[in-house]
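Written below as structure tokens is the structure these notes are about.
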């Protein structure tokens with residue numbers, strides 16, 4: 001085995017909280033040994049008027065309403081006196097966590113507000129100096145977290161992880177974890193109140209209790225540069241974080257490198273990639289077991305190494321042009337009653353439809369950061385990934401607090417996913433109306449991405465401008481993007497007939513690659529119209545729409561990717577046709593239960609052909 005020992009580094013480290021303090025204070029990335037999964041049945045209590053948070057007139061909530069209190073209510077009620085309570089989470093109904101409450105009970109299908117959740121658990125006897133943390137992978141949308149009656153933290157943002165230290169709040173037995181989850185969105189939230197998907201409420205991704213040494217590895221990253229170097233860093237957290245030796249090891253490549261942390265607890269690595277390294281590609285998604293270690297702590301990861309760049313109108317993967325053949329997808333598992341419970345098998349079922357069914361190499365994970373499970377499955381299956389944050393349609397563009405929320409969501413996503421080789425593109429928004437304040441907002445997000453992760457490409461799904469039969473992009477945001485992307489629905493929305501699509505002309509800049517980020521038409525699976533001119537909602541119309549749209553897009557000289565809308569029918573309260581929709585957006589190539597529509601085969605055949 002070739003051993004590469006890096007000399008002690010004396011580089012000046014970046015501040016612990018970079019880019020306007022956007023680095024989360026705790027990350028706990030990577031796979032760890034001492035983890036307690038808190039998935040399972042959690043009891044809950046509805047709180048539509050938020051009485052557990054505040055009383056009327058904004059006063060402090062009455063004690064009889066405060067769901068977070070560390071009390072055995074049944075025992076208290078058995079005591080003499082006049083006290084009474086209007087909650088009891090120990091005896092409340094229960095639902096499976098993780099999972100959205102909208103799918104747990106019929107009465108909660110359209111519930112939008114605050115629900116309190118409780119999980120009781122014991123812990124092993126702590127070791128001397130050991131620290132404990134709760135890591136929430138996602139809570140939608142606002143979270144208020146209490147351990148044994150003590151508030152330990154809050155978080156806003158429904159699709160990104162957050163970590164809270166609970167070392168001093170725990171006890172050996174009978175711990176009471178209470179999480180208030182408020183799904184209500186408003187003009188200052190990201191996304192806003194109105195979307196075209198279901199804003200599932202609840203604890204939608206796993207919650208884990210993680211134990212670490214007093215000084216531990218909080219974050220570690222490694223990537224391949226254009227110059228053929230493996231560069232990365234390790235961030236320690238703790239009183240003894242400075243001046244510590246840190247190791248990174250990839251046994252399959254014969255790499256064993258060491259560095260020493262600086263005054264901020266960061267160590268950096270820079271080592272030549274060996275000739276034996278196999279670059280990650282969709283055709284051969286090579287992943288390597290990587291171990292980072294320092295003192296008594298270690299984390300493991302499975303990582304691929306590749307480069308991504310733009311040159312002129314080409315997207316280059318490992319220096320070679322690539323055509324992105326894919327589809328857009330929402331984070332909903334297959335089934336008649338999805339709960340946004342993306343297990344590994346559920347994620348693979350979706351992504352396998354893209355990889356094996358559609359002959360794809362790419363997926364647009366829209367319109368928000370999808371679960372870590374999806375990203376890791378894409379890594380292993382070999383699917384290039386577009387990831388975006390939910391700056392969707394419109395937000396309060398002039399509000400600095402809203403911009404900061406968007407930046408934080410972007411940063412939380414980047415710090416979580418920057419080790420995933422599959423992820424090649426960050427999107428900073430979807431279908432936002434062109435205006436000066438909106439462009440400034442997006443430009444600020446693009447600048448944040450370039451500062452935090454200059455190794456990936458930046459795009460946004462843009463609206464197009466129609467002038468007769470000519471389609472244009474008239475958007476100053478293009479100057480801030482590496483890749484152009486457009487959503488187009490000519491032939492579905494509007495007055496165009498399918499035969500009109502052949503006349504449409506695309507007057508677009510050609511100095512950048514273009515992705516058709518969305519196009520699609522609704523069809524109810526099993527609804528057929530065998531006439532010469534099939535009507536909308538039929539599988540035949542959807543298939544014809546795909547044939548005409550694919551032919552139209554093929555005439556664009558710098559077209560370098562397709563992600564039609566959408567892989568699977570998904571829930572949307574906006575869509576209420578009583579025959580064809582009933583709360584589902586029917587633009588899926590498969591139904592909510594996985595039944596393939598005729599258009600699925602049209603796209604699969606298109607992707608089967610050589611570029």
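Here are some notes:
- Among residues of region 125-153 that are closer than 13 Å to residue 164 by Cα, those with a beta-carbon under 8 Å from a residue that is surrounded by fewer than 14 Cβ atoms within 10 Å (Cβ to Cβ) and modelled with pLDDT under 95 at least six positions away or on a different chain give the pairs 132/126.
- Pick from region 428-456, criterion buried (at least 19 other Cβ atoms within 10 Å of the Cβ) and in contact (Cβ under 8 Å) with a residue 60 or more places away in the chain, ranking: farthest from residue 21 (Cα to Cα): 430
- If you filter region 242-255 down to residues that are buried (at least 23 other Cβ atoms within 10 Å of the Cβ) and more than 13 Å from residue 300 (Cα to Cα), you find that the one that is farthest from the chain's Cα centre (by Cα) is 255.
- Restricting region 132-158 to residues that are outside any strand (DSSP E or B) and touching a helix residue (DSSP H, G or I) at 6+ places or on another chain (Cβ under 7 Å), the residue that is surrounded by the most Cβ atoms within 10 Å (Cβ to Cβ): 157
- Test: residue 231 is under 24 Å from residue 372 (Cβ atoms), modelled with pLDDT of 95 or more and surrounded by fewer than 18 Cβ atoms within 10 Å (Cβ to Cβ): yes
- Candidates 84, 121 - the one that is within 19 Å of residue 62 (Cα to Cα), over 23 Å from the mean Cα position of the chain (by Cα) and in the same structural domain as residue 45 (by TED's automatic domain parsing): 84
- Residue check, residue 517 in the same structural domain as residue 586 (by TED's automatic domain parsing), farther than 24 Å from residue 431 by Cα and either crowded, with 17+ Cβ neighbours inside 10 Å or touching a strand residue (DSSP E or B) at 6+ places or on another chain (Cβ under 7 Å) (or both): no
- Residue match in region 558-567 (condition: closer than 28 Å to residue 109 by Cα and touching a helix residue (DSSP H, G or I) at 6+ places or on another chain (Cβ under 9 Å)): yes
- Per-region count, region 94-107, residues touching a strand residue (DSSP E or B) at 6+ places or on another chain (Cβ under 8 Å) and over 30 Å from residue 34 (Cα atoms): 3
- The one condition in (1) part of a loop (DSSP other than H, G, I, E, B); (2) touching a strand residue (DSSP E or B) at 6+ places or on another chain (Cβ under 9 Å) that residue 129 fails to fulfil: (2)
- Residue 44 satisfies every condition listed in (1) surrounded by fewer than 14 Cβ atoms within 10 Å (Cβ to Cβ); (2) in a strand (DSSP E or B); (3) in contact with a helix residue (DSSP H, G or I) (Cβ under 9 Å, 6 or more places away or on another chain) except (1).
- Number of positions in region 560-588 that are outside any strand (DSSP E or B), within 23 Å of the chain's Cα centre (by Cα) and farther than 15 Å from residue 519 by Cα: 3
- Only residues that are free of Cβ contacts under 8 Å to residues at least 12 places away in the same chain, outside any loop (DSSP other than H, G, I, E, B) and within 21 Å of residue 142 (Cβ to Cβ) were counted across region 60-97, and they come to 1.
- Residue 285 satisfies every condition listed in (1) outside the structural domain of residue 510 (by TED's automatic domain parsing); (2) in contact with a strand residue (DSSP E or B) (Cβ under 9 Å, 6 or more places away or on another chain); (3) surrounded by 17 or more Cβ atoms within 10 Å (Cβ to Cβ); (4) assigned to a loop (DSSP other than H, G, I, E, B) except (2).
- Listed conditions (1) at pLDDT below 95; (2) part of a loop (DSSP other than H, G, I, E, B) are all met by residue 57, apart from (2).
- When residue 551 is tested against (1) surrounded by 16 or more Cβ atoms within 10 Å (Cβ to Cβ); (2) in contact with a helix residue (DSSP H, G or I) (Cβ under 9 Å, 6 or more places away or on another chain); (3) outside any loop (DSSP other than H, G, I, E, B), exactly one condition is not met: (1).
- Residue 587, sole failed condition from (1) touching a helix residue (DSSP H, G or I) at 6+ places or on another chain (Cβ under 9 Å); (2) buried (at least 18 other Cβ atoms within 10 Å of the Cβ); (3) over 19 Å from residue 195 (Cα atoms): (3)
- Residue in region 460-472 that is under 20 Å from residue 25 (Cα atoms) and modelled with pLDDT of 95 or more present: no
- Within this structure, residue 544 passes the test of being under 22 Å from residue 325 (Cα atoms) and either part of a helix (DSSP H, G or I) or modelled with pLDDT under 95 (or both).
- Per-region count, region 100-116, residues crowded, with 22+ Cβ neighbours inside 10 Å, out of contact with any helix residue (DSSP H, G or I) (no Cβ under 7 Å at 6 or more places or on another chain) and not in a helix (DSSP H, G or I): 2
- Test result for residue 610, in a loop (DSSP other than H, G, I, E, B) and touching a residue at least 24 places away in the same chain (Cβ under 8 Å): no
The values are calculated or read from the model by the stated rules, or taken from the named source; none is laboratory data. All of these numbers come straight from a predicted model, not from anything done at the bench. Don't worry about glycine lacking a Cβ; one is built from the backbone with ideal geometry, like all the others, and counts go over all protein chains shown.
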